[in-house]
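Structure first, commentary second.
The values are calculated or read from the model by the stated rules, or taken from the named source; none is laboratory data. Owing to the predicted nature of the structure, the values given are computational and were not obtained by experimental measurement. Virtual Cβ from ideal backbone geometry, glycine too; neighbours counted across all protein chains shown.
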Amino acid sequence: MNKINRKPSVSIIVPCFNEQEVIKKSYKELKNVLEELISKDKISGDSNIYFVDDGSIDTTRQIIECFNGRRFCILSNDSLNLLKAVEMSLFN
């Protein structure tokens, strides 16, 4: 029997609300871990980081929009709540 060796695709979901003080550092660390796992052939190259902004009123959204790279996505949620933010990211 032929076994197909498939690497898992990983999605990191980061719900955020007014996280301007920590979001940049969090992104850099998550991106580094993701890229290291991809380079070591542990996970698929189509793995991503999803930021779900829950209606931040500080500069969180603007900071996220400045991130470079193809491995991240921004989803907006108009202050529904943290659980809804996570649910939204799972179904988009």
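Key figures
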item: Test set (1) among the β-branched types (Val, Ile, Thr); (2) part of a loop (DSSP other than H, G, I, E, B); (3) modelled with pLDDT of 85 or more - Ile4 fails condition number; result: (3)
item: Selection count, region 7-32, where residues are of a type in the set (Val, Ile, Thr) and surrounded by fewer than 16 Cβ atoms within 10 Å (Cβ to Cβ); result: 1
item: Residues of region 8-41 that turn out to be part of a loop (DSSP other than H, G, I, E, B) and either modelled with pLDDT of 90 or more or within 13 Å of Phe72 (Cα to Cα) (or both), as a count; result: 10
item: Tabulated pairs, region 25-38, first touching a residue at least 24 places away in the same chain (Cβ under 8 Å), second aromatic (Phe, Trp, Tyr) and surrounded by 14 or more Cβ atoms within 10 Å (Cβ to Cβ), C-beta under 9 angstrom, 6+ apart or interchain; result: Tyr27/Phe51; Tyr27/Phe67; Tyr27/Phe72; Lys31/Phe67; Lys31/Phe72
item: Selection count, region 17-46, where residues are out of contact with any helix residue (DSSP H, G or I) (no Cβ under 6 Å at 6 or more places or on another chain), of a type in the set (Gly, Ala, Ser) and farther than 19 Å from Cys66 by Cα; result: 2
item: Of all residues in region 41-59 being more than 14 Å from the chain's Cα centre (by Cα) and among the β-branched types (Val, Ile, Thr), the one that is farthest from Pro15 (Cα to Cα); result: Ile43
item: Of residues in region 42-92 being assigned to a loop (DSSP other than H, G, I, E, B) and closer than 11 Å to Cys16 by Cβ, the one modelled with the lowest pLDDT; result: Asn77
